[in-house]
Amino acid sequence: MGRYLVVVTIENKDQVGDPEGETIKKDLIFRSGYSNVESVRSAKCYNIIINTKSKEDAKKEVTKLCEELRIYNPIVSNCTIGPISKLNN
């Protein structure tokens, strides 16, 4: 068995608004003079440590966990699994 760190990122789909990202862009970035920034999108990130036999098993288990427990709404959000890193004991 190995210990793996699996990064799960959940973000709104492109066609769904992102008020947090827009606020950061408008109120922080533009006001600070960074007028060349075109877009800002926010996301949630979960770092999950799991004990499995392989990197592939870690991805399968975390994918199953995300889908079965519905940690995101698939209608409005995308869920990305990875990167995956093997941890030293």
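Laboratory data are not the source of any read-out in this text; all were calculated from the coordinates shown. Treat the numbers as computed from the prediction; the structure is a model and nothing was measured. Every residue, glycine among them, receives a Cβ derived from its backbone with ideal geometry; neighbour counts consider all protein chains shown.
Summary of values
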{"read-out": "Net length gained if the chain between Arg3 and Ser77 were fully extended (0.36 nm per residue, minus Cα distance)", "value": "23.9 nm"}
{"read-out": "Identified option (computed Rg and Dmax of the Cα atoms in Å; candidates [x] 14.2, 45; [y] 11.6, 33; [z] 16.7, 50)", "value": "[z]"}
{"read-out": "Filtered trypsin sites (Lys or Arg not before Pro), the stretch 16-72: DSSP coil and at most 14 other beta carbons within 10 Å", "value": "Arg41, Lys53, Arg70"}
{"read-out": "Listed residue (Cys45, Gln15, Leu5) projecting farthest to the positive dipole end of the chain, Cβ model", "value": "Leu5"}
{"read-out": "Phi to ³J(HN,Hα) by Karplus 6.51 cos²θ - 1.76 cosθ + 1.60 over the stretch 37-54, Hz, x for Gly, Pro", "value": "6, 8, 8, 9, 10, 9, 7, 9, 10, 10, 9, 10, 9, 9, 9, 9, 6, 8"}
